[in-house]
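Everything below concerns the one structure shown next.
The values are calculated or read from the model by the stated rules, or taken from the named source; none is laboratory data. Computed from a predicted structure; not experimentally measured. No Cβ is skipped: glycine too gets one built from the backbone with ideal geometry, and neighbour counts run over all protein chains shown. The area values use the complete protein model at the heavy-atom level, side chains included, leaving out ligands, DNA and RNA. Shrake-Rupley method; radii C 1.70, N 1.55, O 1.52, S 1.80 Å.
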Amino acid sequence: MDRRESIKNILLGSIGSSVLLESCVSLDKEVLDKIWEYQYGRTPEEKERDEKFLNSKFFNENELKTIEKIANIILPPNEIGNINDAGVVEMFEFIAKDWSTPAHNNYGEKVLRRGVIVFDQLCTEKFGLKLLDCSESQIKLLFDEISYEDKSLKDQKESVKLFATFRGMVVTGYFTSEIGIKDLGYKGNTPNVWDGVPNDVLEQYKGIVSYDKEWIDKCIDQSKRGEIAEWDEEGNLLT
Amino acid sequence: MEIINNSKEYDVIVVGSGAGGGMATKILSDAGLKIAVVEAGPYFDPANPDQMTQLKWPWESPRRGSGTTRAFGDFHMSYGDWEVDGEPYTVEKDTSFRWWRSRMLGGRTNHWGRISLRFGPKDFKSKDYDGLGENWPISYDDIKPYYDKLDKLIGVFGTKENIFNEPDGFFLPPPKPRLHELFYIKGARKSGVTVIPSRLSILTKRINNTRGVCFYCGQCDRSCSAYADFSSSSCYVIPSLKGGMVDLYTNSMVIEVKTDKNGRATGVSYINKDNGREYSIKGKVVVLAASACSSARILLNSKSKAHPNGLGNSSNLIGKYLHDTTGAGRTVFIPDLINRKTYNEDGVGGMHVYSPWWLDNKKLDFPRGYHIEIGRSFTMPEYGFGYNPNEFNKFFGLKVGGYGDKLRQDVKKYYGSTIGLSGRGEAIPREDNYCEIDPNTKDKWGVPVLKFRYKWSDYELKQAKHMHDTFEELAYNMGGIALGNKPTKEQKYGISAPGEIIHEVGTTRMGDDPYKSVVNKYERLHDVDNVFVVDAGPFVSQADKNPTWTIMALSWRTSEYIIDQLKKQNI
Ligand SMILES: Cc1cc2nc3c(=O)[nH]c(=O)nc-3n(C[C@H](O)[C@H](O)[C@H](O)COP(=O)(O)OP(=O)(O)OC[C@H]3O[C@@H](n4cnc5c(N)ncnc54)[C@H](O)[C@@H]3O)c2cc1C
Ligand code: SF4
């Protein structure tokens, strides 16, 4: 039935996307694998853009390590996974290139790379060490200072703004990954039959909100969803 | 440039394959007419795995779905948005207009919200009620049979409510409300705001053996591979191609309607975007459905001895009376919704409940009404999720910001705790809001582009103000907090820029008087008997509803008229 139909479609999706991209046969395996990872219905122009960025480098190793370290402190590893499993650093790398145009105010250079430089400078001022050489507790001392806005200021300090941006990117990157979504508990994006808020949840909201019978009686009887609709002349559903 | 002529003559050439064009293609080809569909964008099939984005996860995009190449995000099914490469438009100083264009088979119907509302009896005759604007030359009774047929052919869920200006139809049963929608229902009832199940063209139940039934992924904006939501591609054009009466020309951008020395249409010319060359094809009838502004552009660019002003423009009204729906929105934080248990609440790709216009304007300081759409946040994360992860801490006297496991906990705590409210209202059409040809700017094919001039009047601004007053009352009665400050007069009460609600209509308006309108009540140009416009151009006024169900009902009616006229050899 529909369920099977849609699952068939999903399968078709993965077969369709396993067709080798002609334009990347000449690329090395690592890049190829990356491109294989991202099959999400692109137009030829979009595909070309993705391939170009996946096949070039923006940050150097040191910068990437710095971002990784920062990200791991913003969202520390837990039993579900960590920043690396979530591909957060790869996302920084990609977006730095994706948004490196004047239209994006050179976000990659002016915000992301700038962040690494500023956090490094602050660590050097405070501890005489680059961020990467600082201990976690040293970095936390710094973050305690820059991770809250100063309400008395109209315009926040650059370091505070940059931290807010990095935090936003890390949280977004983590919670849009497979493990992040698991951590969050989001349960959808899969074929199902919606038949109302589950009873245990309704129970929780008793006295606050509830279904009223008159409304529910008008709603779809999911056992009849497969029967072809027919109406009388007044528009009353017969099936 | 040399034009390459195709010697074949079609009964009808349909320009554009969105809501209006797809509808016409189906009806005309079902009647055995030979049709050419000329579409500016590429072929698109929601079930094509290479084009599909439905059920993809955010991590399947290296930018996690952010909107770099598609304005509404990587997974949104639109090729083209506020900008189309190489095809600019201009806007007159101190005015604004934003023009959304989707270039693909099926046009905007591949990603539209599926809100499928009939206009009511009042909506066709609003001048009778407040003296503003113009009445339509047709009434609800003229269009009702087509709404009825459309409901049965395409499928729309909803409920019989017996509200005078919100006519009922042939409905499929709606899905049950989600949790946040129960909060909305509660707040609306306390506020005296009508609230009913929404009306969307999504199949909660089977309507035939070729389309699937909704499996509740909540992603109609990505286009449904099971064809369980309405798209012109999946429901009209692709099935029509199988009938053998339709030739589809994709990547083919129509430039003008060709006419003979008597001024009658003989066909169209178009640019093949793959090779940049110009072609022409012949047809007995030309049906324009390139969307309200694109069709106006084609007509204005179709200048000839017989039509020096542009085709069908003896009234000088093509492009005039352009109007879009008004919009204002507010997010509401519901403390009762923090720390939610998680479960699959995707539901259909749109709201399950909404509020149609509920007030009497006699007691208000603005004309016409608005409806309220309800948005949600208990959804699949995409890029942008979790920026400002704990700003609601401020409501509990807790610190905003920080990092570490506490931050992670805050993200989970507030996930799904907000509700979006959007007002969508009716503007008064004005002759001095318009699009016209900009003689100084050309697109990359060398075709003159449109220039817009649009300003809201006090009517619309007051409506937006009323929306925010209502949102605050609703928020309070839901037990929530309306976020941000109420926009001030200087901030134009937070009204959307013209065009932003993407319901642009009125550029070739319909009427009985050829001096005051561009097309007649069958959407035929007053000036030429074989050119029709079946997008939202002919709308006299855009009601407090979304336009598409009416575009299609009118297009169906016009198509039947064309069939009849061809049969009688009148055209
Ligand atoms: C995000 C979004 C949500 C929406 N939600 C709703 C909703 O819930 N309910 C509702 O009623 N409406 C909604 N709308 C509006 C709805 O999509 C439009 O009203 C409807 O699609 C208009 O139909 P149309 O046929 O006039 O134009 P379109 O659907 O835009 O189709 C026009 C077609 O013509 C083609 N074309 C343009 N120029 C040329 C040319 N020169 N030559 C050849 N082809 C050309 C285009 O490529 C396109 O395929 C929404 C729109 C958007 C963008
Ligand atoms: S919500 Fe239903 S109709 Fe919409 S795309 Fe998902 S399965 Fe299809």
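I'd like the residue in the stretch B:23-44 that is open to solvent by 30 Å² or more (accessible area, probe 1.4 Å) and in contact with a helix residue (DSSP H, G or I) (Cβ under 6 Å, 6 or more places away or on another chain) and, out of all such residues, is farthest from the other protein chains (Cβ to nearest Cβ). The residue in question is B:ALA31. Any residue in the stretch B:557-571 that is open to solvent by 50 Å² or more (accessible area, probe 1.4 Å) sitting within a Cβ distance under 8 Å of a residue that is at pLDDT 95 or above and in a helix (DSSP H, G or I)? List the pairs, counting only those 6 or more apart or interchain. Once the first residue is open to solvent by 50 Å² or more (accessible area, probe 1.4 Å) and sits in the stretch B:557-571, its partners that are at pLDDT 95 or above and in a helix (DSSP H, G or I) give B:GLU560/B:ILE27. Is it the case that some residue within the stretch B:75-88 is out of contact with any Pro (no Cβ under 6 Å at 6 or more places or on another chain), more than 13 Å from ligand 1 (Cβ to nearest atom) and away from every other protein chain (no Cβ under 14 Å)? Yes, because at least one residue in the stretch B:75-88 is out of contact with any Pro (no Cβ under 6 Å at 6 or more places or on another chain), more than 13 Å from ligand 1 (Cβ to nearest atom) and away from every other protein chain (no Cβ under 14 Å).
B:ASP151 meets the conditions (1) assigned to a loop (DSSP other than H, G, I, E, B); (2) more than 30 Å from A:GLY207 (Cα to Cα); (3) within 14 Å of another protein chain (Cβ to nearest Cβ) in every case but one. The failed one is (1).
Only one of the numbered conditions (1) away from chain A (no Cβ under 14 Å); (2) within 15 Å of ligand 1 (Cβ to nearest atom); (3) surrounded by fewer than 21 Cβ atoms within 10 Å (Cβ to Cβ); (4) not aromatic (Phe, Trp, Tyr) is not met by B:LYS284, and that is (2). When B:ASP336, B:ASP346 are checked against the criterion of being of a type outside the set (Phe, Trp, Tyr) and assigned to a loop (DSSP other than H, G, I, E, B), a single residue qualifies: B:ASP346. Contact annotation: no residue pair with Cβ atoms under 7 Å, 6 or more positions apart or on different chains, pairs a residue in the stretch A:205-230 that is in contact (Cβ under 8 Å) with a residue 12 or more places away in the chain with a partner that is aromatic (Phe, Trp, Tyr) and open to solvent by less than 50 Å² (accessible area, probe 1.4 Å).
For B:VAL193, the conditions (1) under 29 Å from B:MET52 (Cα atoms); (2) modelled with pLDDT of 95 or more are fulfilled apart from (1). Listed by first and then second residue, the pairs with beta-carbon distance under 8 Å, at least 6 apart or on different chains, first residue in the stretch B:20-45 and assigned to a strand (DSSP E or B), second near ligand 1 (Cβ under 9 Å from one of its atoms) and open to solvent by less than 30 Å² (accessible area, probe 1.4 Å), are B:VAL37/B:SER17; B:VAL37/B:GLY21; B:VAL38/B:VAL15; B:VAL38/B:GLY16; B:VAL38/B:SER252; B:VAL38/B:VAL254; B:VAL38/B:VAL268; B:VAL38/B:TYR270.
Among residues of the stretch B:158-203 being free of Cβ contacts under 8 Å to residues at least 60 places away in the same chain and among the aromatic types (Phe, Trp, Tyr), the one that is farthest from B:VAL348 (Cα to Cα) is B:PHE164. If I filter the stretch A:119-138 for residues that are open to solvent by 40 Å² or more (accessible area, probe 1.4 Å), within 14 Å of chain B (Cβ to nearest Cβ) and touching a Phe, Trp or Tyr at 6+ places or on another chain (Cβ under 9 Å), do I get at least one hit? So far as the stretch A:119-138 goes, no, none of its residues is open to solvent by 40 Å² or more (accessible area, probe 1.4 Å), within 14 Å of chain B (Cβ to nearest Cβ) and touching a Phe, Trp or Tyr at 6+ places or on another chain (Cβ under 9 Å). When you check B:GLN542 against the structure, is it more than 14 Å from ligand 1 (Cβ to nearest atom) and more than 14 Å from chain A (Cβ to nearest Cβ), yes or no? When the stated conditions are applied, B:GLN542 does not pass them. Take the stretch B:204-221 and flag every residue that is touching a residue at least 12 places away in the same chain (Cβ under 8 Å), more than 7 Å from chain A (Cβ to nearest Cβ) and away from ligand 1 (no atom under 16 Å from the Cβ). Within the stretch B:204-221, B:THR210, B:ARG211 qualify.
Screening A:ARG113 on (1) at pLDDT 95 or above; (2) under 30 Å from B:GLY397 (Cα atoms); (3) among the basic types (Lys, Arg) shows it passes everything except condition (2). A single entry from B:GLY169, B:GLY187, B:GLY133, B:GLY155 fulfils the requirement of being in contact with a helix residue (DSSP H, G or I) (Cβ under 7 Å, 6 or more places away or on another chain), at pLDDT 95 or above and within 16 Å of ligand 1 (Cβ to nearest atom): B:GLY169. In the set (1) surrounded by fewer than 19 Cβ atoms within 10 Å (Cβ to Cβ); (2) under 30 Å from B:GLN54 (Cβ atoms), A:ASP50 fails one condition alone, (1).
Checked against (1) at the interface with chain B (Cβ under 7 Å from one of its Cβ atoms); (2) open to solvent by 10 Å² or more (accessible area, probe 1.4 Å), A:SER177 meets all criteria but (2). Restricted to the stretch A:156-174, and to residues there that are among the polar types (S, T, N, Q) and under 21 Å from A:ASN72 (Cβ atoms), the residue that is nearest to the other protein chains (Cβ to nearest Cβ) is A:THR172. For B:GLU9, the test of being open to solvent by 10 Å² or more (accessible area, probe 1.4 Å), away from chain A (no Cβ under 14 Å) and not hydrophobic (A, V, I, L, M, F, W, C) is passed. Among the residues examined, B:ILE115 does not qualify as touching a strand residue (DSSP E or B) at 6+ places or on another chain (Cβ under 7 Å), more than 16 Å from ligand 2 (Cβ to nearest atom) and away from every other protein chain (no Cβ under 13 Å).
The residues of the stretch B:227-239 that are open to solvent by less than 10 Å² (accessible area, probe 1.4 Å) and either more than 18 Å from B:VAL156 (Cα to Cα) or more than 13 Å from ligand 1 (Cβ to nearest atom) (or both), listed by number, are B:ALA228, B:SER234, B:VAL237.
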